[in-house]
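The values are calculated or read from the model by the stated rules, or taken from the named source; none is laboratory data. None of these values were measured; they are calculated from a predicted model. For neighbour counting, all protein chains shown are included, and Cβ atoms are generated from backbone atoms with ideal geometry for every residue, glycine included.
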Amino acid sequence: MDNSRKIKIMHVAQAAGGVDCYLRMLLKYLDKEKFENIVVLSSNFVREDYACLADEYETVEMQRSIGKHDIKAIVEVRKLIKKYKPDIVYAHSSKAGAIVRIADISMKDSGGRRNHCIYNPHGWAFNMKTNWKKQKMYALIEKIAAPFCEEIICISDAEKQSALNKKICAENKVQVIYNGVDIEAYENSIHGTITRAELGIPRDAFVVGMVGRISQQKAPDIFIKAAKLIKNDIKNSYFLIVGSGEMEREVREYATENGLEDCLHITGWVGNPMCYVELFNVACLLSRWEGFGLVLPEYMLAKKPIVASRVDAIPNIINDGKNGVLVDVDDVEAIRKKINLIYKNSEFRTKIVDRAYEDVYEKFDQKRVAQEHEILFMKL
């Protein structure tokens, strides 16, 4: 390769949400002198968000469901690979991973050599709590597609172990690059832009909050059931859900039926979730499955004590009793006990918050994520 030119990387992604945040932070910190970045994204993404991050922006219609539309997406992605001739094609998320690895078969870079293909599932689809037939199908797709990329990047040790347990590929093909948060952006941001008064939250309330899609994965039903118990123990408790999703109606109905409607606020989708996290006294992530849980280091950065479920990658981040507390999945009574502990024991609360704040700087800085990617790109 001519060392005088930039390494051209084509990033392809279908799922927005966490992948969108990950990709934007990665592009922000990759060395602009070394790398040229082309993004090929589904219509779920917003072009303006990449105006100063990507050298080229292309849209390809990609859908989460499996169907005939995937053939069209593969053809369009393959045309773009031919057009740009990237040195490296980097697929983000499972759907893009399947499309890209087929589209990139036998494709070449601008020098006429075989290009390099990287895949990051951002959480394995076969780890989702769905029926066993779908889990087996997702695992089979991953096994079939694995030979068509050179590196698989996992965002946690738990994700790597899942791949090895399912025999997706050989261990030497998998590299762990832990997720990270944009510490610099948070430090330089304006804090306190959202107030309790704006949301109708009493000034002296003990706010228990969660950030995430109001969906089966994030267990908002368990959060609101725990809220009922916590309200009995902590009379000034208040509950804040930052996000939106298909289970919102169910959560609101439970709140109404159990007298919680006056101490629950659901924000809907927001572009500045950290502004709401600053209002929390306790931060929860009660997921039923979780590839990483990027909100956890965000909670750490905001100096919030954490209650999280003991599942998948979460114990890789939360050391129970050291930088947060863990509970078993769907264990409402354990959530109640842990939040009561945090409420009553200020010494314990300070200890876990201080340790978590140290950990986020040491382990979960997005600049480190970009640096590890640069090393991988240069190696390829």
**OP:** Could you list, in sequence order, all residues of the stretch 323-352 that are within 23 Å of the chain's Cα centre (by Cα), part of a loop (DSSP other than H, G, I, E, B) and either more than 18 Å from M210 (Cα to Cα) or of a type in the set (A, V, I, L, M, F, W, C) (or both)?
**Re:** V329
Subject >> Within the stretch 133-142, tally of residues that are under 17 Å from R101 (Cα atoms) and exposed (fewer than 14 other Cβ atoms within 10 Å of the Cβ) >> reply: 1
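Condition check ((1) among the polar types (S, T, N, Q); (2) in a helix (DSSP H, G or I)) across all residues:
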site: F126; (1), (2): no, yes
site: K129; (1), (2): no, no
site: K134; (1), (2): no, yes
site: I144; (1), (2): no, yes
site: I152; (1), (2): no, no
site: E159; (1), (2): no, yes
site: S162; (1), (2): yes, yes
site: C169; (1), (2): no, no
site: N172; (1), (2): yes, yes
Subject >> The lone exception for C275 - which of (1) within 24 Å of E187 (Cβ to Cβ); (2) not in a helix (DSSP H, G or I) it fails >> reply: (2)
**OP:** Could you look through the stretch 204-248, keep only residues that are modelled with pLDDT of 95 or more and basic (K, R), and pick out the one that is nearest to R288 (Cα to Cα)?
**Re:** K218
Original post:
Are any residues in the stretch 106-124 in a strand (DSSP E or B) and touching a Gly at 6+ places or on another chain (Cβ under 9 Å), and if so, which ones?
Top reply: Y119, N120
**OP:** Go through the stretch 153-176 residue by residue and tally those that are crowded, with 19+ Cβ neighbours inside 10 Å, under 21 Å from P297 (Cβ atoms) and among the hydrophobic types (A, V, I, L, M, F, W, C).
**Re:** 4
Original post:
Out of (1) surrounded by fewer than 20 Cβ atoms within 10 Å (Cβ to Cβ); (2) of a type in the set (A, V, I, L, M, F, W, C); (3) at pLDDT 95 or above, what's the single condition that is false for A91?
Top reply: (1)
Original post:
N37 versus (1) among the polar types (S, T, N, Q); (2) touching a residue at least 40 places away in the same chain (Cβ under 8 Å); (3) in contact with a His (Cβ under 7 Å, 6 or more places away or on another chain): which is the lone unmet condition?
Top reply: (2)
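The rows are residues; the columns are (1) farther than 18 Å from Y22 by Cβ; (2) modelled with pLDDT of 95 or more; (3) surrounded by fewer than 23 Cβ atoms within 10 Å (Cβ to Cβ); (4) assigned by TED's automatic domain parsing to the domain that holds M300.
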| position | (1), (2), (3), (4) |
| --- | --- |
| D109 | yes, no, yes, no |
| I118 | no, yes, no, no |
| G123 | no, no, no, no |
| I144 | yes, no, yes, no |
**OP:** Determine which member of the set V251, V277 is touching a helix residue (DSSP H, G or I) at 6+ places or on another chain (Cβ under 6 Å) and modelled with pLDDT of 95 or more.
**Re:** V251
